[in-house]
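Trainee: Quick one: this structure, given as structure tokens, is what I'll be asking you about.
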Amino acid sequence: MSHVFSIDVEDWYQGIEIPMDQWEGFERRVEDSMERLLDLMARYDVTATCFVLGKVAEEHPDLVRGIHDAGHEIATHGYSHEKVYNLSPERFRRELRRSVNLIQGLTGERVLGHRAPYFSITEDALWALDILREEGLLYDSSIHPVFNYRYGIPNADRQPSVVESEDGAQVLEVPVATYPLPDPLPDTNMPCGGGAYLRIYPYRLQRWFLRKIEERGQHISVYVHPWEVDPEHPKIDLPVRVSATHYWNLDSTLSKLERLFRDFSFRSYHDVFVNELEALSA
Ligand SMILES: [Zn+2]
């Protein structure tokens, strides 16, 4: 069974709640850390979806072309890394269009998918799905069916499903992996789809979660960030709630990913959901 692997392509200072107008002075490291991920994926024949931040596409066009030339799918992570529920629908549309145009200009291929920064399509931001479809996108991977202080719709579908808006627009929603705690435990989904959780869990526990999901015949979607395979990136003062997860166990990511690639088979969203996407675009 092929599962989905993705990378939210952003630099280390872009994923820690520093506003875009303060990014100027920080050391750029995204190209080097992406190279580590691209090498590892090539060794294990993994094809990924790379959700590229618009600002990264603007500053590193050769990086985007290189990812595309290596056979990976390029999708969008928005432009400014601001949470969707903090944006007006107008600004969300403007930033989406800007990032999609940047990427399509570099690859010559249509962008089909979107992942919001911090999984920030929550109950208050479901309007964003309509805009995605109006702007020509077919799938989204931004709704996380968990409790978290900054994101989540705890009772959302854990598996891929077609979400329909009030006026009938359809988008394929593919959440990252969660494991539903069994009875009599509370009705809660454990996040186990990568990011900080891949670094926090011992690898054996991570694999156990994914095998259990696989035994149900269900899809698994796992993601990482380039800065998670760059333990040497600068340490700066951050609120504890941000720094505790951002810097945790960074030197474990690459070896855990390698074991993950040995134990499971991964492709891009486009490859795994080709039939569902064709049906939506018909
Ligand atoms: Zn991000």
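The values are calculated or read from the model by the stated rules, or taken from the named source; none is laboratory data. Because the structure is predicted, anything quoted here is derived from the model rather than measured. With ideal geometry, Cβ positions are generated from the backbone for all residues, glycine too; neighbour counts draw on all protein chains shown. When the accessible area is computed, the model is the full protein with side chains, heavy atoms only, and any ligands, DNA or RNA have been set aside. Shrake-Rupley method; radii C 1.70, N 1.55, O 1.52, S 1.80 Å.
Trainee: As a test of reading the structure, rank Arg150, Arg65, Arg133 by solvent-accessible area (1.4 Å probe, protein chains only), most first. If you can, show how the numbers build up before the last one.
Mentor: On the way: Arg150 45, Arg65 95, Arg133 65 Å².
Largest to smallest exposure gives the sequence Arg65, Arg133, Arg150.
Trainee: Taking 7 Å along the Cα-to-C-beta vector as the label spot, tell me the Ser265-Asp237 distance in nanometres, rounded to one decimal.
Mentor: Inter-label distance under the simple model: 5.2 nm.
Trainee: Gly66: net charge of surrounding residues, Cβ under 10 Å, Lys/Arg +1, Asp/Glu -1, itself excluded?
Mentor: -3
Trainee: Further, regarding this structure: Given a 1.4 angstrom probe, I'd like the percentage of the accessible area of segment 72-205 that is carbon and sulfur, rounded to a whole number.
Mentor: That fraction is 49 percent.
Trainee: Still on this structure: Over the Cα atoms of segment 2-281, each weighted equally, I'd like the Debye log10 I(q)/I(0) at q = 0.10, 0.17 Å⁻¹, rounded to two decimals.
Mentor: Cα-only, vacuum Debye calculation for segment 2-281: -0.47, -1.60.
Trainee: From the square roots a ≥ b ≥ c of the eigenvalues of the alpha-carbon gyration tensor of segment 47-179, which class results: rounded (a/c under 1.5), prolate (a/b over b/c), or oblate? Before the final figure, lay out each step's value.
Mentor: Numbers: a/c = 1.66, a/b = 1.50, b/c = 1.10.
It comes out prolate by the Cα gyration axes.
Trainee: So how far apart, in nm, are the two label points at Thr245 and Asp32 if each is 7 Å from Cα heading toward Cβ?
Mentor: About 2.6 nm separates the two model spin labels.
Trainee: Under 17 Å from a point placed 7 Å out from the Cα of Arg97 along the Cα-to-Cβ direction: which residues of segment 120-139 have their backbone N that close?
Mentor: 128-137
Trainee: For segment 1-101, how big is the tail of P(r) above 24 Å, as a whole percent of Cα pairs?
Mentor: Values: 1252 of 5050 pairs.
Summing the P(r) tail past 24 Å for segment 1-101 gives 25 percent.
Trainee: What does the C-alpha gyration tensor say about the overall shape of segment 45-113? Classify as rounded when a/c is under 1.5, otherwise prolate if a/b is larger than b/c, or oblate.
Mentor: Values: a/c = 2.20, a/b = 1.88, b/c = 1.17.
Prolate shape, in that a/c is at least 1.5 and a/b is the bigger ratio.
Trainee: Probe of 1.4 angstrom, ligands and nucleic acids ignored: what's the accessible area per residue over segment 1-102, in square angstrom? Please report the intermediate quantities before stating the final value.
Mentor: Numbers: 4240 Å² over 102 residues.
So segment 1-102 comes to 42 Å² accessible per residue, rounded to a whole number.
Trainee: In addition: To the nearest whole percent, what portion of all C-alpha pairs in segment 6-64 is separated by more than 19 angstrom?
Mentor: Working: 509 of 1711 pairs.
Within segment 6-64, distances greater than 19 Å cover 30 percent of Cα pairs.
Trainee: Another one. For Leu129, tell me the accessible area in Å² from a 1.4 Å probe, rounded to the nearest 10.
Mentor: Accessible surface of Leu129 is approximately 10 Å².
Trainee: Tell me what the chain gives for mean residue ellipticity at 222 nm when only DSSP H runs of n ≥ 4 count, each as -39,500 (n - 2.57), the sum divided by the residue total, rounded to 500 deg cm²/dmol.
Mentor: On the way: 11 runs with 104 residues, N = 282.
Calculated at 222 nm, the ellipticity per residue is -10500 deg cm²/dmol.
Trainee: Pop the C-beta distance of Leu185 and Asp62 into the FRET formula with R0 = 45 Å and round what comes out to the nearest 0.05. Walk me through the intermediate numbers first.
Mentor: Working: r = 48 Å, r/R0 = 1.08.
My answer for the efficiency is 0.40.
Trainee: DSSP beta bridges in segment 2-281, what fraction antiparallel, as a percent rounded to 5? List each step's numbers first, then the result.
Mentor: Numbers: 7 of 28 bridges.
Here the antiparallel bridges make up roughly 25 percent for segment 2-281.
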